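Beneath this line is the structure, given in structure tokens, with notes to follow.
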Amino acid sequence: RTFDAINATMAGITGVSPNNTKVKTTYTSVRQSLPAINDIQAFLSSHQTSIAQLALQYCNVMVNDSTMRTAFFGAGFPSTISNQTDRDAIINPLFSKMVGNVISQPDQTDVHEKLNNLITDLCNNSACSTSKRTLDVTTAACGAALGSATTLVE
């Protein structure tokens, strides 16, 4: 996808307006480093770095707004990440809305394992016993999913 398509895709998936001040500022600062042509052979590491920054900003805005967070994750969003049920409440919506079950997409079990490991590592045992840390870790997991090839390659 090209820079405008990436921005539109991230907005559509997260429900965050591309005109949100934080998102627009990030997009403006990284736009020059996003892919300009729709060719996987022309994809550079600098593109991925910029995509990661934009994905994290979209996720940051969504996760830290209770209305958008509930619209994306549902009413059962955990206040802490203390067990597998809490992690699944984050991982399952990320998979279904950012990856999906198309035959060309990665297997749900594989994606679930990677996101679960990321969340577990970021929680570092009991570090996710506060709602603030839960939001931070959710933002990271969201950014990893949103900035992956599953949402970027057509």
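Please treat every number below as a calculation from the coordinates, not as lab data. Computed from a prediction, not measured in an experiment: that's the story for all the values here. For neighbour counting, all protein chains shown are included, and Cβ atoms are generated from backbone atoms with ideal geometry for every residue, glycine included.
Judged by the mean number of other Cβ atoms found within 10 Å, the most tightly packed of the peptides 17-30, 85-98 leads the ranking 85-98, 17-30. The residues neighbouring ALA144, those whose beta-carbon lies less than 15 Å from its own, together hold a net charge of -1 under the Lys/Arg +1, Asp/Glu -1 convention.
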